[in-house]
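Student: Take this structure, written in structure tokens, and hold onto it; I'll ask about it next.
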Amino acid sequence: MQQSASSSGKIIFVNPPYERIAPGYEFVRHITNRSPSLGLLYLAAAVREQGYSPSIIESDIENLDPEQVATRLIAARPAFIGITLFTVGVWQAAQIARRVKQRHPDIQIIVGGPHISSMAMETMQRFPEFDIAVIHEGEQVLPALLRELQNGRDLSRIAGIIHRHNGELQQTPPAPTISDLDSLPLPAWDLLPNFPDTYLPAIYDYPQSPVATLVASRGCPFLCKFCDTSTFGARVRANSPEKVFQMMQHLSQEFGIRHVQFVDDLFLASKIRTLQLCDLLIASNLNMTWSCTARVDTVKPDVLKRMKQAGCWEISFGLETGSNELLQKMEKAARIEVSEQAVNWTAAAGIRCKGLFMLGYPGETRDTMRQTREFVRRLPMTTMNLSKFTPYPGSPVYQDIYGTRIRDDHWEKMNGMNFLWQPEGLTIQELDQEYQNILSGFYRQRRVMHKYVAMSLRHPQHLIRLVRFLGGYLLAKLRSHINGHRGVLTEAGRKQAPTL
Ligand code: B12
Ligand code: SF4
């Protein structure tokens, strides 16, 4: 007798594909980030603990398009599908869900993630193929929801969701946030196909591999206007240093991980916790390196020194811009003088420093762009990222500028690589030109190039990735010439993205 879908307890989690590489530039894949969704790893562990059988599809990392993901799901026919949604991936996720629903309408499709935490109702209204949305953290809500679904009971008893009842969308009261992060089971890394080998971060973002990501705290009390903090909210909760150490030990012993990337918003929020973790690492023989992100006002020379001793290899700072006026407009508490001091202290402690910047924020002018161009050259950073300002739903600035000069409201393009909004007095051509100028002004410095050459020689894996990238680039150029496109890589007539 065939088992019914819902009694199987099978749930497949999906990180949907999203556009992060322009058509024609597929060779960039060799050097980009391939980190899995930690959220899905936590959820898989939580439902497994309750007796369900989870598996995970990392579409982008496995190089799958929506059609291929749908085909896999249809063949596996799980009881439930759990999709994680960033704004950029919503349309592709809906495409997958629609295909699955056409074949197996009984499969329950549950969505969650940063986009749902800020835009749950709008998304559910727009996409009837999603059955249920889980708002904010999912580890406690999802197992309770699956139980109710299997028992055919009333979903209005489950807090923190939007569900469909007699054709109407019903939202239940918010679920409590998880206070004790230590009580959560370890993320289910064992469910990732080919973990850890396939999951490398971007080139030059790690000194040794294999690599894994970890999160040691959740929540951020600040309100930088460009940032979407809707998933974890303002209350900071943290794992104990002992639990963080245990997770690192587990990664090292079970998977041979040698470098950990902490992706918390405020890794250094507590000096005491940071120092305790450093002590545990120094006293151990783990020999792992790690990197983290930090606010510029949370680093101090004494802490940096201990972090270095404990294996800290790189700190990423959200420096954003070289203009204090713009920082103020962003309601970012830092000032460029504090940023400069933090970067200098970090470099002096022997820790690499990565600056995260954005271009095109409301209020950007030719003068602020010049200030950023000069600022990035002045700082002893080892690496920098520049993203094109994007008003993500859930960020305070999204509400401010909605309906004003938003050139292009496409969720599909919200990946930080498109200027979707235009500051007054600047053209997109100027922004794009300055984008190139800032990056090349930084990377063409001799001291920066030296560091990259040294790193390629010390860690040949980077060199191999670089060679593959360059090989791909040359092949793409050649193909373009043969096809009469004169070496232009971007495909003409790109498909039109759906509107918001
Ligand atoms: C690490 C990270 C990355 C990594 C890994 C991405 C990944 N797939 O997880 C990389 C570098 C690849 C990345 C890339 C991008 N990122 Co990013 N990233 C983060 C960061 C710093 C941490 C994410 C994390 O691991 N959190 C910890 C885990 C446990 O939480 P979680 O994934 O949110 O999952 C929980 C809940 O959301 C919920 N949940 C999630 N999925 C589901 C699914 C179901 C079914 C259910 C029930 C519940 C549920 O339950 C989970 C457990 O509690 C966040 C900032 C933040 N504070 O979250 C930004 C953030 C998520 N990124 C963001 C953005 C914009 C991007 C990019 C689009 C562009 C960019 N600027 O880098 C790309 C697109 C990536 C993609 N589609 O996969 C935004 C998202 C805004 C938005 N509305 O879309 C954030 C919020 C940053 C910010 N503050 O603005 N990112
Ligand atoms: S940018 Fe950093 S400090 Fe500011 S709100 Fe976002 S997570 Fe918090």
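Student: Can you find, among Leu251, Leu281, Pro207, the residue sitting farthest towards the positive end of the charge dipole of the range 204-285, where Lys and Arg contribute +1 and Asp and Glu -1 at Cβ?
Tutor: Sorting the options by dipole projection puts first Leu281.
Student: Let me ask another. Given the DSSP H assignment, sum -39500 (n - 2.57) over each helix run of at least 4 residues in the chain and divide by its residue total; what's the result at 222 nm in deg cm²/dmol, nearest 500?
Tutor: Rounded to the nearest 500, it is -11500 deg cm²/dmol.
Student: Shifting gears a bit: Determine the sum of side-chain charges near Arg366: Lys and Arg each +1, Asp and Glu each -1, restricted to other residues whose C-beta is under 11 angstrom from that of Arg366.
Tutor: Overall, the nearby charge balance is -2.
Student: Hey, another quick one. First obtain the Kirkwood hydrodynamic radius of the range 172-241 from its Cα pairs, then insert it into the Stokes-Einstein equation at 4 °C and 1.567 mPa s, and state the resulting D in µm² per second as a whole number. Walk me through the intermediate numbers first.
Tutor: Values: Rh = 15.2 Å.
The diffusion coefficient I find is 85 µm²/s.
Student: At a Förster radius of 41 Å, what calculated FRET efficiency corresponds to the Cβ-Cβ distance of Asp197 and Gln125, to the nearest 0.05? Write out the running numbers ahead of the final one.
Tutor: On the way: r = 41 Å, r/R0 = 1.01.
So the FRET efficiency works out to roughly 0.50.
Student: Quick check: pseudo-label points 7 Å beyond the Cα along Cα→Cβ at Arg34 and Lys305, how many nm apart are they?
Tutor: That separation, rounded to one decimal, is 4.1 nm.
Student: Once the range 201-458 is represented by equal point scatterers at the alpha-carbon sites, with solvent omitted, what log10 I(q)/I(0) does the Debye formula produce at q = 0.07, 0.11 Å⁻¹?
Tutor: -0.25, -0.63
Student: Also, I was wondering about something else. Kindly rank 38-44, 185-191 from highest to lowest mean number of other beta carbons found within 10 Å of each residue.
Tutor: 38-44, 185-191
Student: Using 7 Å Cα-to-Cβ label points, what is the Asn63/Leu186 separation (nm, one decimal)?
Tutor: Roughly 3.1 nm, to one decimal.
Student: Go ahead and collect, in residue order, the members of the range 216-245 whose backbone nitrogen is under 19 Å from a label point 7 Å along the Cα-Cβ direction of Gln399.
Tutor: Inside the label zone: 220-235.
Student: If you wrap a convex hull around the alpha carbons of the range 272-376, what volume per residue comes out, as a whole number of Å³?
Tutor: Value for the range 272-376: 90 Å³ per residue.
Student: Another question, if that's okay. So what's the net charge close to Ala45: Lys and Arg +1, Asp and Glu -1, counting the other residues with Cβ under 10 Å from its Cβ?
Tutor: With Lys, Arg at +1 and Asp, Glu at -1, the net is -2.
Student: Now for a separate question. Output the direction-averaged projected area (hull surface divided by four) of the convex hull of the alpha-carbon atoms of the range 180-317, in nm².
Tutor: Dividing the Cα hull surface by four gives the mean projection, 8.7 nm².
Student: Of Val296, Val467, Gly82, whose Cα points farthest to the positive end of the dipole of the chain (charges on the beta-carbon: +1 Lys, Arg; -1 Asp, Glu; origin at the Cα centre)?
Tutor: In the chain, that residue is Val467.
Student: Also, quick follow-up: So what is log10(I(q)/I(0)) for the chain at q = 0.06, 0.07, 0.11 1/Å, when the Debye sum runs over its Cα atoms only?
Tutor: Debye intensities relative to I(0), on a log10 scale: -0.28, -0.39, -1.03.
Student: Give me the mean projected area, in nm² to one decimal, of the convex hull enclosing the Cα positions of the range 7-171. Numbers along the way, then the final one.
Tutor: On the way: hull surface 37.5 nm².
Projected area, direction-averaged: 9.4 nm².
Student: Kindly state, to the nearest 0.05, the FRET efficiency for Lys477 paired with Asp367, given R0 = 41 Å and r defined as their beta-carbon distance.
Tutor: The computed FRET efficiency comes out at 0.65.
Student: A further question on this structure: Over what distance in Å are the Cα centres of the range 344-378 and the range 270-314 separated?
Tutor: Going from one Cα centre to the other spans 24 Å.
Student: What's the magnitude of the charge dipole for the range 158-290 around its Cα centre, counting Lys and Arg as +1 and Asp and Glu as -1 at the beta-carbon? Answer in Debye, nearest 20.
Tutor: Details: 9 positive and 12 negative charges, 74 e Å.
So the magnitude is around 360 debye.
Student: Given R₀ = 30 Å, what would the calculated FRET efficiency be for His450 paired with Asp279, taking r from the Cβ atoms and rounding to 0.05? Let's see the in-between values first.
Tutor: Numbers: r = 34 Å, r/R0 = 1.14.
Given R0 = 30 Å and the Cβ-Cβ separation, E is 0.30.
Read-outs throughout are calculated quantities, based only on the coordinates presented, and are distinct from any laboratory measurement. Values in this document were obtained by computation on a predicted structure and should not be read as measured data. Here the Cβ is made from the backbone with ideal geometry for all residues, glycine too, and neighbour counts use every protein chain on show.
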